[in-house]
Amino acid sequence: MYDWRKMTPEQHERAMTYRREQRLPWHSPPHYNSQRVFFHINAACYEHQHIIGHSPERMVSFEQTLYETLHEQCEQVLAWCVLSNHYHALIKTEDLIAVIKEIGLMHGRLAYQWNGEDEKRGRKCWHRCQDRVMRSNRHRWVSVNYIHHNPIHHGYVSKWQDWPFSSAHQYLEQTDPKIVKKMWETYPLWDYGKGWDDPEL
């Protein structure tokens, strides 16, 4: 299992350098007064097995594949985060069905590839893919914060920028620190994830 917490500082730096070399683009945070075509997508490995996190190389490869798959189908990929057994993404699309279909095909291809690499033919890799429509601008910004905060929530790191497999790096590099702080304070997480469809969000 890929365990970031057990890696040495040198291994951390190597993984971060390799990830930065992929130059995954950051599009933009959500705009105000947008139509309700924003969705929070997330999917997990079956029984929360750490299949994505089999190795740092697989993590990097999957992040790239996920981003490219979403980018081909969506108008925007606003935020994403890949952990060792699940992932999150905030997207803008007017054809969610097409996006979900493509994600399913991606899951199938990767399951076949990874089961071959791990010599575990027949293993079930994925549980399911979920989507939640963003009900408001507040809901979108809380989702951005939630996605970037996910590695901290699960205890992998203590700061957003310490986790290499997310859009937090681009967000922090391209956004004024005062705005980042304001957005975190204005759109706190609270119990986000326990009431996805709360109309107050």
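Of the trypsin sites (Lys or Arg not before Pro) found in region 106-201, those that fall in a DSSP loop while having at most 16 other beta-carbon atoms within 10 Å are 120, 121, 123, 124, 135, 159, 194.
Hey, which of these cross-link pairs are over 31 Å Cα-Cα: 92/124; 120/159; 92/159; 101/178? If you can, show how the numbers build up before the last one.
Values: 92/124 29 Å; 120/159 35 Å; 92/159 26 Å; 101/178 39 Å.
Listed pairs above 31 Å: 120/159; 101/178.
Since every read-out is calculated from the coordinates, none of them should be taken as a lab result. Because the structure is a prediction, the values reported are computed rather than measured. Cβ sites come from the backbone with ideal geometry, for glycine too, and all protein chains shown count toward neighbours.
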